[in-house]
Amino acid sequence: MTITEHTVAGPDAGPYAITTGPDGALWFTMVHSSRIGRLIPGSEPASHELGPGRGPTIIVPGPDGALWFTEYQAHRIGRITTGGVVDEFALPTPGCGPFGIAPGPDGALWFTETAADRIGRITPDGQVTEFPLPVAGGFPSAIAAGGDGGLWFTLNQAGALGRIGTDGMISLHTLPTRDAAPVGITASQDGALWFVEIAAGQIGRITPDGQVTEFPLPDRAARPHAVTTDADGVPWFTEWGTGRVGAVAAGGAIEVYDLPTPGCEPHGITLGPDGALWTALEIGALARIAPARDEG
């Protein structure tokens, strides 16, 4: 295992979420400085400034060759081309707090509204539809497209996961552990989804029919935040509270690895264009995690 840190911003910029763009670069949000960053591994980082007070959070590739992101503080959805041109779309519900966003199977982007108990849908030309959830104060957070054609999302304050079909039909699944506070979620190659429980210190897996399995972390106070899968389908996650990343091996065994800088606050994690895992560190850096099979 080789882990290296790459400084991409000042210590107050707040790198938060990260994804691989269609241009072979890493794209990441800087939540405190209202900027979108770009890094081609091996090159110098670049960034694009948004307006003040945007609070960009999650960023994903869109169906139109651009990157789409949520503006948590400005209550907008943003779009940035690989050339750096930015568009922003206001949302119908004031103060809705968009956070998670994911491309859906219908050619639109689907996103969560943490403060409004809604799931939103936006087309590439900016048309927005909102779907009310059947729960109050659930704080819908991360969202991911499942292999079953639906969008799956975490309900951080309701201790549950939800699924919304492209037809707007919604179902909820209560987690076995009370007050688990799920955050990150990602689809796996076998059709299930993996998610993290930040308050319970566990990693969870849910099948399309709602069967949940939970895996306690070695350190239950680690505050797992985000999760992704590597090229082999292995789930990797960040431990925001301990400055580590971890993976769930076959059979449910969990391995964790210290990042080089203590207190680095890892948030988002993604499979990079170079085959390694990359995570965004709030201290102003990205960390590259290369398992032994990828080294060299």
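Normalised Debye scattering of the range 1-51 at q = 0.30 Å⁻¹ gives log10 I(q)/I(0) of -1.27, counting only Cα atoms as equal scatterers and leaving out solvent.
Peptides 280-291, 248-259, 224-235 ordered by packing proxy, namely the average of other Cβ atoms within 10 Å per residue, highest first: 280-291, 224-235, 248-259. The dipole here belongs to the range 67-159: it is taken about the Cα centre, uses +1 on the Cβ of Lys and Arg and -1 on the Cβ of Asp and Glu, and is about 100 debye. Estimated at 0.36 nm per residue, the fully extended path between Ile254 and Asp209 surpasses their Cα-Cα distance by 13.7 nm.
Spin-label model, Glu49/Glu88: points 7 Å from Cα along the beta carbon direction are separated by 1.3 nm. Temperature 4 °C, viscosity 1.567 mPa s: under these conditions the Stokes-Einstein estimate for the range 21-121, based on its Kirkwood radius over C-alpha pairs, is 96 µm² per second.
Regarding the range 43-82, what is the average projected area of its C-alpha convex hull, in nm²?
Values: hull surface 13.1 nm².
Here the figure is 3.3 nm², rounded to one decimal.
Distance between the pseudo-spin-label points of Thr129 and Thr166 (7 Å out from Cα toward the beta carbon): 1.1 nm.
A straight line joining the Cα centroids of the range 1-32 and the range 154-180 runs 29 Å.
Rg over Rh for the range 208-283 works out to 0.97, using Cα positions for both radii and the Kirkwood form for Rh. In this simple spin-label approximation, Thr4 and Arg220 carry label points 7 Å from Cα along the Cα→Cβ vector, and these lie 3.9 nm apart. In terms of overall dimensions, the range 102-225 has a Cα radius of gyration and Dmax of 13.8, 46 angstrom.
If the viscosity is 0.692 mPa s and the temperature 37 °C, what Stokes-Einstein diffusion coefficient in µm²/s follows for the range 83-157 when Rh is the Kirkwood radius over Cα pairs? My calculation gives 259 µm²/s for D.
Counting only protein heavy atoms, what percent of the accessible surface of the chain is carbon or sulfur at a 1.4 Å probe? So the carbon and sulfur contribution to the accessible surface is 49 percent. Placing unit charges on the Cβ atoms only, positive for Lys and Arg and negative for Asp and Glu, gives the chain a dipole magnitude near 380 debye about its Cα centre. Counting heavy atoms of the protein chains alone, Phe215 has an accessible area of about 40 Å² for a 1.4 Å probe. Which FRET efficiency, nearest 0.05, do Asp232 and Thr174 yield, Cβ-Cβ r, R0 25 Å? That pair, Asp232 with Thr174, gives E of 0.20.
The values are calculated or read from the model by the stated rules, or taken from the named source; none is laboratory data. Predicted, not measured: the structure shown is a model, and the values here were computed from it. Here the Cβ is made from the backbone with ideal geometry for all residues, glycine too, and neighbour counts use every protein chain on show. For the accessible areas, the whole protein counts, side chains as well, though only heavy atoms, and no ligand, DNA or RNA atoms are used. Shrake-Rupley method; radii C 1.70, N 1.55, O 1.52, S 1.80 Å.
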